[in-house]
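Since the structure comes first, as structure tokens, the remarks are kept for the end.
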Amino acid sequence: VHRVTLRAEEGVFEVAPGVTQARWTFGGSAPGPVLRGKIGDTFEITLVNDGTIGHSIDFHAGSLAPDEPMRTIQPGESLVYRFTATMAGIWMYHCSTEPMSMHIANGMHGAVIIDPPDLAPVDREYLLVQGELYLGPEGGTADAAKLAAGLPDLVAFNGYANQYRYRPLTAAVGERVRVWVLDAGPNTASSFHVVGGQFDTVFAEGRYLLGASDPGGSQALGLQPAQEGFVELEFPEAGSYPFVTHRMSDAERGAAGIFRVGP
């Protein structure tokens with residue numbers, strides 16, 4: 001049993017160099033904390049609303065009637081959300097209070113990894129949650145008109161545009177690297193690609209699309225909002241390998257980074 005307390009909190013955060021926004025968060029970060037378990041594990045989540053408006057939470061990793069556990073609670077209130085993981089994957093969780101698009105875009109989303117039973121060990125694991133930012137005034141909340149029109153200013157991995165250009169992820173030649181990817185949206189699809197790399201293992205939406213016995217490889221992991229998966233690869237030589245969403249306009253908005261691979 002995984003017992004976790006998540007506090008709905010609001011604060012001003014930097015989302016790109018010199019750009020701040022008022023973010024609504026689980027646990028003080030956007031995306032929220034990563035949870036992990038195995039099939040058969042039970043998660044007992046206590047949601048506490050420390051914010052100034054109503055918030056809620058919806059875990060895709062569990063199957064249950066939403067009426068009570070996903071209800072909106074007001075500032076100062078709390079609830080207990082209990083579910084058992086019965087299926088593998090990297091599952092989204094998010095605030096489901098209306099307007100849901102605003103709560104997700106303002107940062108109230110995160111990931112729960114439920115390991116597939118046959119998951120092999122790797123040398124390094126990373127998790128990237130892609131999400132859009134519809135910038136409001138400096139230090140303010142997301143712009144509702146831009147959000148409704150689906151016109152993001154920034155697209156980011158793990159809440160900060162281009163952060164892994166400034167602080168590259170690391171690996172070494174010959175290491176096996178697994179990258180979990182979740183498209184938190186709320187609106188834009190993702191096509192995860194590593195420049196100069198090829199995926200020999202691809203898992204998406206609960207099943208392996210590519211494995212060790214397959215003769216081919218994969219160049220991109222395509223995901224719609226709320227879809228998920230992981231890819232695995234080995235880097236053939238030292239160097240800098242950019243990773244992007246191959247929806248290139250979104251890569252240029254900030255959904256890009258670098259793997260710095262050493263010898």
Charge sum, other residues only, whose C-beta stays under 14 Å from ILE45's C-beta, Lys/Arg counted +1 and Asp/Glu -1: +1
Which whole-number percent gives the relative contact order of region 1-157, counting Cα pairs below 8 Å spaced six or more residues apart? 25
How many angstrom separate the Cα center of region 213-263 from the Cα center of region 17-67? 26
Just to check I understand the Karplus step: with θ = phi - 60° and J = 6.51 cos²θ - 1.76 cosθ + 1.60, what whole-Hz values come out for region 38-51, glycine and proline as x? 10, 4, x, 6, 10, 10, 10, 9, 9, 9, 10, 8, 9, x
Test of understanding: what is the full-extension gain from VAL48 to VAL173, defined as 0.36 nm times their sequence separation minus their Cα-Cα distance? 40.6 nm
Between ASN187 and residues 5 or more places away or on another chain, which pairs have amide H atoms under 5 Å apart, with H built 1.01 Å from N, and which residues are they? GLU132
What percent do you get for the relative contact order of the chain when only Cα pairs under 8 Å and 6+ apart count? 18
Between VAL122 and ARG165, Cβ-based FRET efficiency (R0 22 Å, step 0.05) works out to 0.40
Theoretical ellipticity at 222 nm over the chain - DSSP helices of four or more residues, -39500 (n - 2.57) apiece, nearest 500: -1500 deg cm²/dmol
HN-Hα J couplings of region 120-132 from phi, Karplus 6.51/-1.76/1.60, θ = phi - 60°, integer Hz, Gly and Pro as x? 7, x, 9, 7, 9, 10, 10, 10, 10, 9, 8, x, 9
Per its Cα gyration tensor (rounded if a/c is under 1.5, else prolate when a/b beats b/c, else oblate), region 1-130 is best filed as oblate
Counting heavy atoms of the protein chains only and a 1.4 Å probe, report the per residue accessible area for region 156-208 as a whole number of Å². 37
Long-range amide H contacts for ALA238: which residues qualify at under 5 Å (H placed 1.01 Å from N, peptide plane, sequence gap of 5 or more or a different chain)? none
Using Cα springs under 10 Å in a Gaussian network model of the chain, which residue among SER56, SER213, SER101 shows the largest mean-square fluctuation? SER213
Other residues with Cβ under 11 Å from the Cβ of ARG124 give, with Lys and Arg +1 and Asp and Glu -1, a net charge of -3
What does the charge count near TRP24 come to, summing +1 for each Lys or Arg and -1 for each Asp or Glu among other residues with Cβ under 14 Å from its Cβ? -2
Here, GluC sites (Glu not before Pro) of region 88-149 satisfying both criteria (DSSP loop; at most 11 other Cβ within 10 Å) are GLU138
Gain on full stretching of the segment that runs from VAL12 to ARG207 - 0.36 nm per residue minus C-alpha separation: 66.4 nm
Read phi for every residue in region 196-207 and hand back ³J(HN,Hα) as whole Hz from Karplus 6.51 cos²θ - 1.76 cosθ + 1.60, θ = phi - 60°, with x for Gly and Pro. x, x, 10, 8, 9, 9, 9, 10, 8, 6, x, 8
Please report the antiparallel percentage of the DSSP beta bridges confined to the chain, to the nearest 5. 70
Using a 1.4 angstrom probe on heavy atoms only, work out the carbon and sulfur share of the accessible area of the chain in %. 51
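The values are calculated or read from the model by the stated rules, or taken from the named source; none is laboratory data. Quick caveat: nothing in here was measured; it's all calculated off a predicted structure. No Cβ is skipped: glycine too gets one built from the backbone with ideal geometry, and neighbour counts run over all protein chains shown. What goes into the accessible areas is simple: the full protein's heavy atoms, side chains included, and nothing from ligands, DNA or RNA. Shrake-Rupley method; radii C 1.70, N 1.55, O 1.52, S 1.80 Å.
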